[in-house]
1. If a residue must be at pLDDT 90 or above and among the polar types (S, T, N, Q), how many such residues does region 12-28 contain?
2. Among the residues of region 18-55, count how many are assigned to a loop (DSSP other than H, G, I, E, B), without any contact (Cβ under 8 Å) to a residue 12 or more places away in the chain and not charged (D, E, K, R).
3. Search region 122-133 for residues being more than 34 Å from the chain's Cα centre (by Cα) and in a strand (DSSP E or B), and hand back the single one that is nearest to VAL18 (Cα to Cα).
Amino acid sequence: MTIQGAAEDNLANTHSIVLVGHPTITRITLWLGENVKKVDIVVEQLEKPAGVAEPSLLVQTYFSLEASEDIENAVIQFRVLRDWAEQNRIDENSITLLRLNGAWQELPTTLIQTSDFYLYYEATSPGFSVFAVAGQSAGVPAPLGLYAVLSIVAVAGGVSAFYWFSTRPMKPFVSLAWLKRRVMGRKPRGAEVRGPEMAPTIRRLKHATKLRPAEEPAIETLERPSKPKVQKGAKEDVRLLKRLKRKMGREK
């Protein structure tokens with residue numbers, strides 16, 4: 001959009017234009033030469049100028065100012081949408097007016113007024129050119145809803161993991177050979193373990209471990225109780241007891 005008008009005298013050599021309806025500029029105050037009584041100002045809203053490097057600050061808008069007379073000094077009053085500053089996490093005191101003069105130059109800028117919708121500033125410029133309204137961004141935050149969802153998922157996952165590990169018994173898969181070694185390793189070498197003595201041990205070890213499905217039938221035979229065999233040493237002890245009993249009977 002282009003706005004063109006004539007400035008009216010305000011004080012000696014000072015001319016002021018109020019721009020009604022412009023999205024960025026609200027007022028321009030000019031200092032002209034002694035013999036200048038009237039000046040035309042052209043204001044144009046721009047995209048980023050082609051072939052010009054982007055400023056280091058985050059830009060809200062670009063515009064240009066042209067005058068029909070030489071400008072000794074100018075005060076440019078402009079406004080910034082409060083929503084734009086808040087959404088981009090821009091400190092209102094970091095917003096400044098940049099002037100393109102070969103490179104981008106920061107102009108002295110002051111916050112002069114605030115409202116519910118706008119932040120109002122004024123900046124002093126030594127002349128007219130292409131300008132940019134910009135501010136220092138701290139980065140765009142993630143939406144609040146995303147933080148809430150991530151927090152809920154993290155808490156729920158931690159509680160579930162704690163419950164599972166604290167209540168569910170750990171039963172790693174073991175081999176049948178390992179289980180047999182555990183059973184036989186509980187008795188002295190050469191001892192024979194069978195029947196009622198082996199079955200409780202097998203059941204206790206199965207409760208603490210988990211066999212592979214293919215090995216379940218093989219281990220069932222070890223759990224069946226059978227009649228214990230009397231060892232050779234035990235038979236000799238029985239015969240010895242019988243002899244002692246007979247001998248004690250004769251002595252009586």
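The values are calculated or read from the model by the stated rules, or taken from the named source; none is laboratory data. Here the structure is a predicted model, which is why all the values come from computation and not from measurement. In this analysis, Cβ positions are derived from the backbone assuming ideal geometry, glycine residues included, and neighbour counts consider all displayed protein chains.
1. Selection size over region 12-28: 2.
2. 5
3. Among residues in region 122-133 that are more than 34 Å from the chain's Cα centre (by Cα) and in a strand (DSSP E or B), the one nearest to VAL18 (Cα to Cα) is GLU122.
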